[in-house]
1. On the given criteria, is R129 at pLDDT below 95 and either closer than 19 Å to I56 by Cβ or surrounded by 13 or more Cβ atoms within 10 Å (Cβ to Cβ) (or both)?
2. Can you find, within segment 42-54, the residue that is nearest to F132 (Cα to Cα) among those that are over 16 Å from the mean Cα position of the chain (by Cα) and touching a residue at least 12 places away in the same chain (Cβ under 8 Å)?
3. Collect the residues in segment 25-68 that are at pLDDT below 95 and under 19 Å from S101 (Cα atoms), keeping them in residue-number order.
4. Against the conditions (1) outside any helix (DSSP H, G or I); (2) touching a residue at least 12 places away in the same chain (Cβ under 8 Å), where does M39 fall short? Just the number, please.
5. Kindly indicate whether any position in segment 79-93 is farther than 15 Å from G12 by Cβ, at pLDDT 95 or above, touching a Ser or Thr at 6+ places or on another chain (Cβ under 9 Å) and not assigned by TED's automatic domain parsing to the domain that holds S21.
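The values are calculated or read from the model by the stated rules, or taken from the named source; none is laboratory data. In this text the structure is predicted, and so the values were computed from the model without any measurement. Here the Cβ is made from the backbone with ideal geometry for all residues, glycine too, and neighbour counts use every protein chain on show.
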Amino acid sequence: MNLKINHLQHIGMPIVDLEISRVFYERLGFQMVMHSTFMHEGAQGKVSMMKHKEIIIELYQMPEPELTSVKQRKDGRIDHITFDVDDIDETFLLLKNEGYSVVEDKPVFLNFWDNGCRYFNILGPDGERLEFCQIL
């Protein structure tokens with residue numbers, strides 16, 4: 001098989017409240033580049049594409065009754081999304097000082113890649129983990 005994949009196109013995430021999630025991602029520097037609705041089992045859901053540089057996240061809010069809990073969804077959930085950063089310590093302090101829910105007390109070292117990496121996570125409005133990582 002000679003499947004040609006160019007790059008990651010977007011990451012789709014089911015969320016509970018589109019407006020809360022949109023504001024959260026805008027605070028992280030994302031801009032809404034598309035907003036629409038869709039039909040699911042006879043009811044209308046909402047979707048927004050949020051973009052930061054070349055990263056696109058699709059936030060979609062399912063119509064009732066699926067809206068009540070992301071855990072009720074039949075689809076899988078993404079464990080985490082990772083953003084590459086140049087300075088993990090600067091990023092950590094910035095997000096902590098801005099009041100984001102930071103999971104770790106400090107960036108964590110992992111013996112990945114050639115020289116390791118350092119990362120930390122923040123939590124989004126629906127409990128999604130957003131990881132910030134610097135490959136050393």
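1. Judged against the criteria, R129 is a match.
2. Restricting to residues being over 16 Å from the mean Cα position of the chain (by Cα) and touching a residue at least 12 places away in the same chain (Cβ under 8 Å), the top hit is K46.
3. none
4. Result: M39 fails condition (2) only.
5. no
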